[in-house]
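Engineer: Take this structure, written in structure tokens, and hold onto it; I'll ask about it next.
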Amino acid sequence: MSEVRYFVHQPSSALRRHVREILWVHSQRSRVQVLLPETTLTLVLRQSGSASMRNEALPNAIISGLQQRTRFVEHEANSALLIVRFTEVGAPAILHDRVDLLYNRTAPLDSVLPWRDIDHLQNVLTDARDLQQHFMAVERFLIRRIRTQHGTILQGISPQIEAAAQMIRRSQGRSSIAAIARHAAMSQSALERHFRVAVGVTPKKLSRLARLQHVCRLWNTGKSLTAISFEAGYCDQSHMVRDFRLFTGTSPEEFFRDTRANNLPIFSN
């Protein structure tokens, strides 16, 4: 099995509404990475090695929107990455654009952010001596993106949309859209319209993504499919399997059997 090391960095208070975590991942050998659809956008900065997806080389700096299907990424040996996982509502303040435009897309980072800023950050990371300096450099880069011209933090996150996204995350996708709208003190139509722009998908689709993540966590506990479907809030096992097939193209048993048989590490997008 490929030797993979990773370190999770929790962002400072200035970033916590925008960034869930920053990861450093290093693999000494070549590997295939399984990317399950996640509930947030992801920014990736490659420090060494190269990677490809569907036989196409990936840029060293990319932004990945919310995805509809599981993907497979091939990393060459001695590959090191810094991965920024945003909160559900955090990406617009850094990207300064509608995140629904990135739905089902993986794009070069310089297609949405200035190339000079990205190049400067990559140079700083090259000169950094340890992981802490890497994380601090990424934090400074992100904080500059959410500061106004007067130097104050841009508070562009809608409290109502943030409350709705947090409810979906806490309930692991089991809350009804009507209940989410009531919690956010919005009509369902207004919630869906503003939610898509700020989060990247509708509340219903984010709920389905959150449930997929929960199903995978429950599978790792060794529970049966019947128990997993009940605990994840599905009306029956067949409904859960249909949802899982929609995102992965296969059943839960086949998906986890194949990934384990081929020693494929699973990461969220």
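The values are calculated or read from the model by the stated rules, or taken from the named source; none is laboratory data. Source: prediction; values computed, not measured. Using ideal geometry, Cβ is built from the backbone for each residue, glycine included, and neighbour counts are taken over all protein chains shown.
Engineer: Quick check on L43: is it surrounded by 13 or more Cβ atoms within 10 Å (Cβ to Cβ), under 22 Å from A93 (Cα atoms) and either at pLDDT 95 or above or over 15 Å from the mean Cα position of the chain (by Cα) (or both)? Explain how you work it out, then say what you get.
Structural biologist: Details: surrounded by 13 or more Cβ atoms within 10 Å (Cβ to Cβ): yes; under 22 Å from A93 (Cα atoms): yes; either at pLDDT 95 or above or over 15 Å from the mean Cα position of the chain (by Cα) (or both): yes.
Spelling it out, L43 is indeed surrounded by 13 or more Cβ atoms within 10 Å (Cβ to Cβ), under 22 Å from A93 (Cα atoms) and either at pLDDT 95 or above or over 15 Å from the mean Cα position of the chain (by Cα) (or both).
Engineer: Hey, can you tell me all the residues within the range 163-191 that are over 25 Å from the mean Cα position of the chain (by Cα) and among the small types (G, A, S)?
Structural biologist: Result: A178, A185, S187, S189.
Engineer: Could I ask something else about it? Could you please give the count of residues in the range 213-229 that are surrounded by fewer than 16 Cβ atoms within 10 Å (Cβ to Cβ) and either modelled with pLDDT of 90 or more or not charged (D, E, K, R) (or both)? Steps first, please.
Structural biologist: Within the range 213-229, the subset surrounded by fewer than 16 Cβ atoms within 10 Å (Cβ to Cβ) is 217, 220-224, 226-227.
Okay, now just the ones that are also either modelled with pLDDT of 90 or more or not charged (D, E, K, R) (or both), so 220-222, 224, 226-227.
Residues meeting the conditions: 6.
Engineer: What are the residues in the range 212-239 that are touching a helix residue (DSSP H, G or I) at 6+ places or on another chain (Cβ under 7 Å) and either assigned by TED's automatic domain parsing to the domain that holds E88 or charged (D, E, K, R) (or both), if any?
Structural biologist: E231, D236
Engineer: Write out, first by first residue and then by second, each pair whose Cβ atoms fall under 8 Å of each other, whose residues are 6+ apart or on separate chains, and whose first residue, in the range 1-24, is hydroxyl-bearing (S, T, Y) while the second is part of a strand (DSSP E or B).
Structural biologist: Close Cβ pairs satisfying both conditions: S2/S27; S2/R31; Y6/L23; Y6/W24; Y6/V25; Y6/H26.
Engineer: In the range 1-40, how many are assigned to a loop (DSSP other than H, G, I, E, B), under 27 Å from H214 (Cβ atoms) and modelled with pLDDT of 90 or more? Explain how you work it out, then say what you get.
Structural biologist: Quick first cut of the range 1-40, residues assigned to a loop (DSSP other than H, G, I, E, B) only: 1-3, 10-18, 28-30, 37-40.
Adding the requirement that they be under 27 Å from H214 (Cβ atoms) leaves 1-2, 10-11, 15-18, 37-40.
From the residues that got through so far, the ones that are modelled with pLDDT of 90 or more too are 10-11, 15-18, 37-40.
Total meeting the criteria: 10.
Engineer: Do you know which of the residues in the range 100-148 that are part of a loop (DSSP other than H, G, I, E, B) and among the basic types (K, R) is surrounded by the most Cβ atoms within 10 Å (Cβ to Cβ)? Outline the logic, then answer.
Structural biologist: Going residue by residue through the range 100-148, those that are part of a loop (DSSP other than H, G, I, E, B) are 103-105, 112-114, 128-130, 146, 148.
The next check asks that each one be among the basic types (K, R); those that pass are 105, 129.
Working: R105: 13, R129: 7.
This residue is R105.
Engineer: Right, another one. Can you work out which of the residues in the range 230-246 that are assigned to a helix (DSSP H, G or I) and charged (D, E, K, R) is surrounded by the most Cβ atoms within 10 Å (Cβ to Cβ)? Before the answer, list the steps.
Structural biologist: Taking the range 230-246 and keeping what is assigned to a helix (DSSP H, G or I), we get 230-231, 237-246.
Subset that is charged (D, E, K, R): 231, 242-243, 245.
Values: E231: 15, R242: 12, D243: 19, R245: 14.
It comes out as D243.
Engineer: Condition (residue is at pLDDT below 95, more than 23 Å from H9 (Cα to Cα) and not β-branched (V, I, T)) applied to the range 127-143: is it met by at least one residue?
Structural biologist: Looking for residues that are at pLDDT below 95, more than 23 Å from H9 (Cα to Cα) and not β-branched (V, I, T), one finds none in the range 127-143, hence no.
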